[in-house]
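One structure is given below, encoded as structure tokens.
The values are calculated or read from the model by the stated rules, or taken from the named source; none is laboratory data. Everything numeric here is computed off the predicted structure, so don't read it as measured data. Here the Cβ is made from the backbone with ideal geometry for all residues, glycine too, and neighbour counts use every protein chain on show. Please note that ligands, DNA and RNA were not included when accessible areas were found on the heavy atoms of the full protein model with its side chains. Shrake-Rupley method; radii C 1.70, N 1.55, O 1.52, S 1.80 Å.
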Amino acid sequence: MDLSHASDLLGRILERTRLRGQIYCRTVARAPWGLRFPPTATATLHLVIAGTCHLWQGREVIALGPGDVVLLPRGEGHSVADSPRSPKVKLEEWLATRGEGASSYVLGGSGVESRMLCGCFAFDEPGAHPVLKLLPERVHLRGASEEARALLPTVSLLEREYERGERGASVVVSRLLDILLVQVLRAWADAQAPGGAGWLGALGDRTLASALGWLHAEPGRNWTVSELARRSGTSRATLARRFASEVGMAPHEYLTQLRMQEAAHHLRESQDGLAAIAGRVGYESEFAFNRAFRRVMGVPPGAFRRKARESSGGPAPGDSRVAP
């Protein structure tokens with residue numbers, strides 16, 4: 001197997017789950033100022049372009065400075081302000097007052113100025129995203145760190161594209177956010193101790209990257225640990241131990257989750273019935289597939305398909321075999 005292909009599983013997963021970024025405001029904030037962000041189903045991103053501020057997440061207060069990047073993968077409610085004493089406006093109320101067509105919006109008074117880009121990452125699947133669920137409640141790259149400095153070219157292009165708003169800017173901004181997310185994920189994974197970054201960290205190990213690559217290449221295959229170990233050039237015991245240690249679960253557990261992600265893709269993109277999709281991802285029994293899908297994804301496959309079609313505006317499938 002081409003290990004370079006195996007190591008790009010991150011890119012393939014992000015494409016399959018259609019994780020996509022969007023900037024919703026570029027803010028010029030002058031003290032005193034504050035914004036309150038409600039809980040959301042999307043991951044939230046804050047980029048401090050210039051100046052300083054503080055972020056409140058639960059009981060924690062985090063000081064932010066120029067170049068800082070903060071990713072909140074769970075979409076938890078939080079606040080950002082120049083000072084604990086500053087009033088905090090609800091985000092939705094402030095956004096409702098913005099003028100049409102402006103690229104930047106002024107918030108606060110007439111004091112010390114800060115500039116921020118705020119965005120989010122949405123995805124099609126309900127529940128935890130296979131990448132974002134690996135992350136802690138907050139990923140914070142300090143602007144003075146080598147990891148954050150490596151992001152500066154991307155952040156600079158992102159700010160320029162969003163501010164200018166030229167033809168095709170929305171597409172460029174979304175792609176740049178995708179790039180930025182991958183860079184943040186790499187920086188986070190590289191900083192973790194062995195086993196601390198799940199399968200994302202395991203991609204840095206040639207043996208585990210090979211095993212993961214085989215699973216992703218043929219998720220419908222009835223894999224055994226012995227066959228997976230043989231193809232990855234190691235022993236069954238070694239692969240089982242290292243896989244559980246680095247990825248955080250046994251190979252068969254990972255395969256089940258992978259199959260459900262693959263099934264979700266087919267439910268969104270095809271008109272195939274449940275029996276056909278179940279067979280494609282390795283299940284002979286439609287009942288067993290329904291049960292596994294609901295356990296992993298949180299909803300039955302039929303309900304998942306209806307929600308996906310409704311959100312995309314596409315026609316509902318007419319296959320009578322699709323379960324409710």
*Single residue of the stretch 238-255 satisfying the filter (open to solvent by 30 Å² or more (accessible area, probe 1.4 Å) and under 17 Å from L134 (Cβ atoms)) that is modelled with the highest pLDDT*: E253
*Could you tell me whether A316 is of a type in the set (G, A, S), assigned to a loop (DSSP other than H, G, I, E, B) and either at pLDDT below 90 or buried (at least 18 other Cβ atoms within 10 Å of the Cβ) (or both)?*
yes
*Kindly list the number of the only condition in (1) at pLDDT 95 or above; (2) within 22 Å of V173 (Cβ to Cβ); (3) of a type in the set (K, R) that fails for R142.*
(2)
*Filtered residues of the stretch 178-187 (kept if open to solvent by 20 Å² or more (accessible area, probe 1.4 Å) and either of a type in the set (V, I, T) or within 14 Å of L134 (Cβ to Cβ) (or both))*: I179, V182, R186
*Determine whether A144 is out of contact with any strand residue (DSSP E or B) (no Cβ under 6 Å at 6 or more places or on another chain), open to solvent by 80 Å² or more (accessible area, probe 1.4 Å) and more than 17 Å from C25 (Cβ to Cβ).*
yes
*Restricting the search to the stretch 224-240, which residues are over 31 Å from the mean Cα position of the chain (by Cα) and closer than 12 Å to S210 by Cβ?*
R230, G233, T234
*asked:* Please count how many residues of the stretch 267-292 are closer than 15 Å to T17 by Cβ and modelled with pLDDT of 90 or more.
replied: 1
_Odd one out for Y105, checked against (1) within 30 Å of R12 (Cβ to Cβ); (2) at pLDDT below 85; (3) surrounded by 15 or more Cβ atoms within 10 Å (Cβ to Cβ)_ = (1)
*Looking for whichever is at positive phi and in contact with a Ser or Thr (Cβ under 7 Å, 6 or more places away or on another chain) here; the options are G195, G168. Which one fits?*
G195
*Could you check, for the stretch 138-146, whether at least one of its residues is touching a Leu at 6+ places or on another chain (Cβ under 6 Å), part of a helix (DSSP H, G or I), over 26 Å from M260 (Cα atoms) and of a type in the set (D, E)?*
no
*What are the pairs, 6+ residues apart or on separate chains, where a residue within the stretch 288-300 that is aromatic (F, W, Y) has its Cβ under 6 Å from a residue that is surrounded by 15 or more Cβ atoms within 10 Å (Cβ to Cβ) and in a loop (DSSP other than H, G, I, E, B)?*
F289/Y283
_Can you pull out every residue in the stretch 258-271 that is surrounded by 18 or more Cβ atoms within 10 Å (Cβ to Cβ) and either farther than 19 Å from S311 by Cα or among the acidic types (D, E) (or both)?_
L258, R259, M260, E262
*asked:* Just checking, does the stretch 9-29 include any residue being without any contact (Cβ under 8 Å) to a residue 12 or more places away in the chain and of a type in the set (D, E, K, R)?
replied: yes
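Would you list the strands (runs of 3 or more DSSP E) that sit entirely within the stretch 4-75 and hold 3 or more residues that are open to solvent by 30 Å² or more (accessible area, probe 1.4 Å)?
20-30, 60-64
Residues to consider are R164, R149, R175; find the one that is without any contact (Cβ under 8 Å) to a residue 12 or more places away in the chain and open to solvent by 30 Å² or more (accessible area, probe 1.4 Å).
Result: R175 is the single residue among R164, R149, R175 that is without any contact (Cβ under 8 Å) to a residue 12 or more places away in the chain and open to solvent by 30 Å² or more (accessible area, probe 1.4 Å).
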_Within the stretch 81-99, does at least one residue satisfy the condition of being within 30 Å of V171 (Cβ to Cβ) and touching a helix residue (DSSP H, G or I) at 6+ places or on another chain (Cβ under 8 Å)?_
no
*Quick one: E159 ticks every box in (1) open to solvent by less than 40 Å² (accessible area, probe 1.4 Å); (2) closer than 22 Å to L55 by Cβ; (3) touching a helix residue (DSSP H, G or I) at 6+ places or on another chain (Cβ under 8 Å) bar one, so which box is it?*
(3)
*Looking only at the stretch 205-237, which residues are without any contact (Cβ under 8 Å) to a residue 40 or more places away in the chain, surrounded by fewer than 22 Cβ atoms within 10 Å (Cβ to Cβ) and of a type outside the set (A, V, I, L, M, F, W, C)?*
T207, E218, T224, S226, E227, R230, G233, T234, S235, R236
*Taking only the stretch 189-204 into account, find how many residues are open to solvent by less than 20 Å² (accessible area, probe 1.4 Å) and of a type outside the set (A, V, I, L, M).*
2
